[in-house]
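Okay, structure first, notes after.
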Amino acid sequence: MKAIVITQPGSPEVLQLQEVEDPQIKDDEVLIKVEATALNRADTLQRKGSYPPPKGASPYPGLECSGTILSVGKNVSRWKVGDQVCALLGGGGYAEKVAVPAGQVLPVPSGVSLKDAAAFPEVACTVWSTVFMTSHLSPGESFLVDFCSISYSDVHGGSSGIGTFAIQMGKCQGVRVFVTAGSEEKLAVCKDLGADVCINYKTEDFVARVKEETGGKGVDVILDCMGASYFQRNLDSLNIDGRLFIIGTQGGAKTELNITSLFAKRLTVQAAGLRSRSTENKTLIVSEVEKNVWPAIAVGKVKPVIYKYLPLCEAAEAHQLMESSQHIGKIMLVP
């Protein structure tokens, strides 16, 4: 098969389409012929050499895909050859075929094309496992997505793949959604998706705006991929009993903490990645996503937001586009 190989750590040009061995499935895995895969920031970090795949995972980038099942392991009972599915991957989506544990496979959501279904697994599992399963975002609360930072009451980076999904899922769950983005065009898209408060983080102090919009209280949950650079400002933006969930360190990994700021408002700070979790934990998350998110997609309350499809051979161009931050929604690759 053909796959995108990281020939050496570096700039997008190190991504090369090469002939490689077909993946071999284990007894509890399925082999998928890839219809499409979606880019994630983690792919760019892996390309640079700073985010290696977990032990036993494919060396090729790609954390989600859609496609058709080509074969199933002897312990697999739910899936059969010919099923159209999408899947959460530990790696390997930038290829014509990928092996994946059966518990990380999902049916294509009703009303969504096979190709577009690749836009959902990573974002849905990330948002549902952090914001809803762990931070327990509830109807009537506020949510901020921070890409710049994410919080229940504000979605920072609302125009990212996770941001566009989180806006829709938050509204579907009866949550007041705040978003930040760096241009009026992106804010307009966030507004169309249902965001209640849209903040241009380049021209406004998002902490002050959050306080203004919440009567001085702050938001209930923040989902953050920035880490150190937004840490204190995120804490300042939280309501009493607020929860900050960190899923990335794009803004640095080290910062100082005034612990009294946690005591005063009974704040909770949590952190987790998705890729490094055990197969058992990913299976649980995927099951919860199918149960809670897929029905919202089926009735049209949550839709894929796709910026552009590119052929797999143009993976380098796709990475350049992602790192330019000009996109709104998901960037997709098609073998």
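Under the simplified labelling scheme, the V334-S11 pair shows an inter-label distance of 2.9 nm, with each label point 7 Å from Cα along Cα→Cβ. Calculated on the alpha-carbon coordinates, the convex hull of the chain measures out at 119 cubic angstrom per residue. Counting only protein heavy atoms and a 1.4 Å probe, the range 5-164 has 36 square angstrom of accessible area per residue. Expressed as a whole percent, the accessible area of the chain that falls on carbon and sulfur atoms is 50 (1.4 Å probe). The Cβ shell under 13 Å around V112 holds other residues with a net charge of +2, Lys and Arg each +1, Asp and Glu each -1. Using only side-chain charges placed at the Cβ, +1 for Lys and Arg and -1 for Asp and Glu, the dipole size of the range 1-119 relative to its Cα centre rounds to 180 debye. Along its principal axes, the range 1-102 has C-alpha extents of 41, 22, 22 angstrom, given from the largest down. Selection among G273, N258, S287 by position relative to the dipole of the range 249-315 gives N258 as farthest towards the positive end (Cβ unit charges, Cα centre). Using the Cβ of L274 as centre and a radius below 10 Å, the other residues enclosed give a net charge of +2, where K and R count +1 and D and E count -1. Only the Cβ atoms of Lys and Arg (+1) and of Asp and Glu (-1) were treated as charged; on that basis the dipole of the range 186-252 about its Cα centre amounts to roughly 140 debye. Overall shape: oblate for the range 185-265, with the ratio a/c of the largest to smallest alpha carbon gyration tensor axis at 1.5 or above and b/c at least equal to a/b.
Taking each DSSP H run with n ≥ 4 as -39500 (n - 2.57) and averaging over every residue of the chain yields -7000 deg cm²/dmol at 222 nm. Going down the table (K2/K308; K191/K217; K48/K80; K186/K301), which pairs top 31 Å between alpha carbons? Distance filter (> 31 Å) returns K48/K80. Classify the range 249-331 as rounded, prolate or oblate, taking a ≥ b ≥ c as the square roots of the eigenvalues of its Cα gyration tensor: rounded when a/c is under 1.5, otherwise prolate if a/b is larger than b/c and oblate if not. In terms of gyration-tensor shape, oblate. Our estimate of slack between D27 and A188, defined as 0.36 nm per intervening residue step minus the Cα-Cα distance, is 53.2 nm. When both bridge partners sit in the chain, DSSP labels roughly 55% of those beta bridges antiparallel. Helix 315-324 and the longest principal axis of the C-alpha atoms of the chain enclose an angle of approximately 0°.
With the Cα gyration tensor of the range 45-192 giving a ≥ b ≥ c as the square roots of its eigenvalues, does the rule (a/c under 1.5 for rounded; else a/b larger than b/c for prolate; else oblate) give rounded, prolate or oblate?
Because a/c hits 1.5 or more and a/b exceeds b/c, the range 45-192 counts as prolate.
Put D27, D220 in order of accessible area, highest first, and with a 1.4 Å probe you get D27, D220.
Each Lys and Arg contributes +1 and each Asp and Glu -1, all at the Cβ; summed about the Cα centre of the chain, the dipole is approximately 420 debye.
Is any residue of the range 172-189 close enough, with backbone N under 19 Å, to a label point placed 7 angstrom from the Cα of S229 along the Cα-Cβ axis, and if so, which? Only 179-184, 186-187 pass the distance filter.
The values are calculated or read from the model by the stated rules, or taken from the named source; none is laboratory data. Please read all numbers here as calculations on a predicted model, not as lab measurements. A quick note on method: Cβ atoms are made from the backbone with ideal geometry, for glycine too, and the neighbour counts reach across all protein chains shown. The area values use the complete protein model at the heavy-atom level, side chains included, leaving out ligands, DNA and RNA. Shrake-Rupley method; radii C 1.70, N 1.55, O 1.52, S 1.80 Å.
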